[in-house]
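First the structure, in the form of structure tokens, and then the observations on it.
Bear in mind that the values in this text are calculations on the coordinates, not laboratory data. Note that the coordinates shown come from a computational prediction; the quantities given were computed from them, not determined experimentally. Please note: Cβ atoms are built from the backbone with ideal geometry, for glycine as well, and neighbour counts cover all protein chains shown.
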Amino acid sequence: MIVTRPQDFLDAVSGGAIVADLPATPRAAFLVSPIDFALATESASDNRYMDLGDAPDPLHALAEHAELARRLAEDVPVMTFPGDPLAPDGVFPNNAFATAPGRLIVGHMRHAVRQRETARADIRAWFHELLGREIVDLSGAALVAELTGSLVIDRARGIGYCGLGERCDLAGARAMHEAFGLRLTYCFELAQGEYHTNVVLAILAGRVALIAESGFRDSADARAIASLYPDRALWLDAGQKAAFAANAICLAANRVWMSERAARALSGTQRAWLGERGFSIGSIPLDQIEKAGGSLRCCVAEIF
């Protein structure tokens, strides 16, 4: 089922109609390392988090990324594919590739500079030939679908939260709903200037929602989502959103990963609140990578 109005979403989940009976966290993850890391002008055209005047240090970015892979491996096995010099900001594979059990899903990126990533034969072969997964390829379809950038998934319930905008249209949302095998997808419009849902919303192991209400065009959508997580929705202000505090991920049930900048943006009360709900915070400096307009969650493609 795909719904587009708050009341329809509330009706769909009322009375515990959709239960949390699926794996909430991935079995493994993969990353793509930064090679000749640089800002792509095309990507910056609709990403307010990028400043073309603030160029990253490529070697520093590579070191940050290596440390990210090392730390995430504390929770799950991590595979790192080499970056492509022709994709200078191609360090965010979760937009281009995602998984569901038995499947590799290939997205349709809006910008040509990012479309190069979805054509990578090595990543496709690793999943199809080595792991025996079916490839569901959306890259040639007449739609835009930037996967788990645009679609935040509560994996435990099989619910997708899809922010519509320049990086995902309704046709893309429908295609992702089918590709991921979701029980319910709730589509809503992002606020003007927001490019991806995963910078305004995170679902942590099916138990907690991090929500930046200012990133939604209609606050009723944010409140409807929060209603599914009673007493477990942490509201983030606009400054915390800008620091990528919602660009977070759980790879294990008891820890949320976010960048060091994002973690610093949380108040002591918020950190304690997460701790009371069973989450420690793992943080990693990503100052150079964040100059490309994404943060830790964007770097991580989950393997379910």
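Grab the Cα-Cα distance for residue 223 and residue 8, subtract it from 0.36 nm times how many residues apart they are, and report the gain in nm with one decimal.
Working: separation 215, 0.36 × 215 = 77.40 nm, distance 1.32 nm.
So the extension gain works out to 76.1 nm.
How much FRET efficiency would the formula 1/(1 + (r/R0)^6) give for residue 192 and residue 129, where r is the Cβ-Cβ distance and R0 is 30 Å, rounded to 0.05?
Working: r = 43 Å, r/R0 = 1.44.
Plugging the Cβ-Cβ distance into 1/(1 + (r/R0)^6) gives 0.10.
Would you please put 291-300, 221-230 in order of how densely packed they are, using the mean number of other Cβ atoms within 10 angstrom per residue and starting with the highest? Working shown, then result.
Values: 291-300: 25.4, 221-230: 19.2.
Put in order of decreasing packing, that is 291-300, 221-230.
Place a point 7 Å from the Cα of residue 79 along the Cα-to-Cβ direction; which residues of segment 2-31 have their backbone N under 16 Å from it?
Taking a point 7 Å out along Cα→Cβ of residue 79, the residues of segment 2-31 whose backbone N falls under 16 Å are 26-31.
Please state the equivalent ellipsoid semi-axes for segment 2-303: what are the square roots of 5 times the Cα gyration tensor eigenvalues, largest first, in whole Å?
Working: eigenvalues 135, 99, 74 Å².
With the √(5λ) rule applied to segment 2-303, the semi-axes are 26, 22, 19 Å.
Rounded to the nearest 500, what is the chain's calculated 222 nm mean residue ellipticity when only DSSP H runs of at least 4 contribute -39500 (n - 2.57) each, over all residues?
Details: 12 runs with 86 residues, N = 304.
It lands at -7000 deg cm²/dmol.
Evaluate the distance, in nm, between pseudo-label points positioned 7 Å from the Cα of residue 137 and of residue 121 along their respective Cα→Cβ axes.
About 1.2 nm, to one decimal.
Among 214, 49, 270, whose Cα projects farthest towards the positive end of the dipole of the chain, with charges put on the beta-carbon of Lys, Arg (+1) and Asp, Glu (-1)?
Checking the options against the dipole of the chain, the answer is 270.
Roughly how many nanometres apart are two label points built 7 Å out from the Cα toward the Cβ at residue 264 and residue 287?
0.7 nm
What size of dipole, in debye to the nearest 20, comes out for segment 2-303 about its Cα centre when the only charges are +1 on Lys and Arg C-beta atoms and -1 on Asp and Glu C-beta atoms?
On the way: 29 positive and 37 negative charges, 140 e Å.
In total the dipole reaches around 680 debye.
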